[in-house]
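Beneath this line is the structure, given in C-alpha cells, with notes to follow.
We did not get these values from a lab; they are worked out from the coordinates using the rules stated. Just so you know, these numbers come straight off a predicted model, no measurement behind them. A quick note on method: Cβ atoms are made from the backbone with ideal geometry, for glycine too, and the neighbour counts reach across all protein chains shown.
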Amino acid sequence: MARILLADDDIELSDMLVDYLRKEGFDVDAAHDGDAALRKALANPYDLLILDVMMPNRSGFDVLRELRVRSLLPVLMLTARGDDIDSIVGLELGADDYLAKPSSPRVLVARIRAILRRVETKGELQNGGERPDQIALDDLVMHMGSRMVVCGNNPVSMTSTEFSVLDILLREAGNVVSKANLSERALGRKLSRYDRSLDMHVSNLRKKLGTLSDGRERIKTVRGVGYIYSRT
C-alpha cells in the first residue's frame, strides 16, 4: 500500500481527498501548512507528496526547494487552474508532475499511479527485471537498479520523472522520440495541447547534464516533433 502525504491548507478539500484516496487503497496523511508538510515529508517514509502551492508559513515552492536539498521524494504539485507560471516553477524546482485545481479526484488518482509506476521500476529491476543493469553512452552511465546517474564521473541527482525521460531518450539515442510517444512512456498519459511538463523535464536534464565532451548539445529539440539524444 503506497503511503501518501497530502499537503493542502483547505481542510474541507483535504478531508474529502483523504477519504477518496483511502478508498482507492492508499495510506494517506495530511498536513495543512508548509512547515508541517516539510517536517512530515522528511521524517516519514512516504512514497509520494501531493503539495499545494498556496499554503501558510511556507509556500509549496519553499517546501519543495528545501525538500530537494535532502530528498528525492516524488512530488505532485497542485497549482491554480490556468496558472502556467506556477506549474513551470514547480517543475523547475524538481516536481515530478503537476495538476491544476480544481480537478477530478479520478484524474488525481491517475496521476498518482503514473508517478508510482515510475518509482516501482526501481524495485522491479532490483528483483531481476529483463532490462540491463546499466546503460552507458559516451560519458553518461545510468545504473538502473539504484536509479543513479553518473555524468563525466560525477553523480547527478534526478527525480523519478527525469530519470524516466532520460532512460527513454538514451535507449533511443540517435533517433527522434516524439513528444507524444515520450509523454505516454515517461509520464504515463497522452500529451495535451498546452502541457509543458516534458519541455521542463528536458530543460532540467540539460542543466544537470550539460553538453557532450565535444561541446555539442546533449539533448536536441527537433521542432514540431520531439527530442533526440545525440551520439558522439
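Quick one: grab the alpha carbon gyration tensor of segment 156-207, order the square roots of its eigenvalues as a ≥ b ≥ c, and give me rounded if a/c is under 1.5, else prolate or oblate depending on whether a/b is larger than b/c. Before the final figure, lay out each step's value.
On the way: a/c = 1.62, a/b = 1.19, b/c = 1.36.
Taking the square roots of the gyration eigenvalues as a ≥ b ≥ c, segment 156-207 is oblate.
Which shape class applies to segment 3-123: rounded if a/c is under 1.5, otherwise prolate when a/b exceeds b/c and oblate if not, where a ≥ b ≥ c are the square roots of the Cα gyration tensor eigenvalues?
Verdict is rounded for segment 3-123.
So what's the angle, to the nearest 10 degrees on a 0 to 90 scale, between helix 197-209 and the longest Cα principal axis of the chain?
So the helix axis and the longest Cα principal axis differ by about 60 degrees.
What is the chain's relative contact order, in percent, from Cα pairs under 8 angstrom and six or more apart in sequence?
Computed over the chain, the figure is 14 percent.
Can you tell me what share of the DSSP beta bridges in the chain is antiparallel? A percent to the nearest 5 is fine. Can you show the working numbers first?
Details: 17 of 35 bridges.
The answer is about 50 percent antiparallel.
Please work out whether segment 101-231 counts as rounded, prolate or oblate from its C-alpha gyration tensor, where a ≥ b ≥ c are the square roots of the eigenvalues and a/c under 1.5 means rounded, while otherwise a/b larger than b/c means prolate and anything else oblate? Mind dumping the intermediate values first?
Details: a/c = 1.96, a/b = 1.23, b/c = 1.59.
Oblate, because a/c is 1.5 or more while a/b does not exceed b/c.
For labels at Cys151 and Lys190 in the simple 7 Å Cα→Cβ model, what's the distance in nm?
3.3
Given contacts defined as C-alpha pairs under 8 Å and at least six residues apart, what's the relative contact order of segment 131-229, whole-number percent?
Working: 121 pairs, mean separation 24.8, N = 99.
Reported as a whole number, the value is 25 percent.
Using only alpha carbon pairs under 8 Å that are at least six residues apart, calculate the relative contact order of segment 3-123 and give it in whole percent.
22
What does the net charge come to around Ala41 if you take all other residues with beta carbon closer than 14 Å to its beta carbon, with K and R at +1 and D and E at -1?
Details: positive: Arg3, Arg39, Lys40, Arg58, Arg65, Arg68, Arg70; negative: Asp8, Asp29, Asp33, Asp35, Asp47, Asp52, Asp62, Glu66, Asp96.
Every neighbour counted, the sum reads -2.
Run the numbers for Asp33 and Val107: contour at 0.36 nm per residue of separation, minus the present Cα-Cα distance, in nm.
24.3 nm
Quick one: the Cα spread of the chain along its three principal axes, in angstroms, biggest first?
55, 38, 29 Å, listed from the longest principal axis down.
Counting only residues 5 or more places away or on other chains, whose amide H sits under 5 Å from the amide H of Arg58 once H atoms are built in the peptide plane?
Amide H neighbours of Arg58, under 5 Å, 5+ apart: Gly34, Asp35.
Taking R0 as 45 Å, what's the FRET efficiency between Lys207 and Met1 from their Cβ-Cβ distance, rounded to 0.05?
Computed FRET efficiency for Lys207 and Met1: 0.80.
Taking the alpha-carbon centroid of each part, what is the distance from segment 144-187 to segment 51-77 in angstrom?
If you average the Cα positions of each part, the centres end up 23 Å apart.
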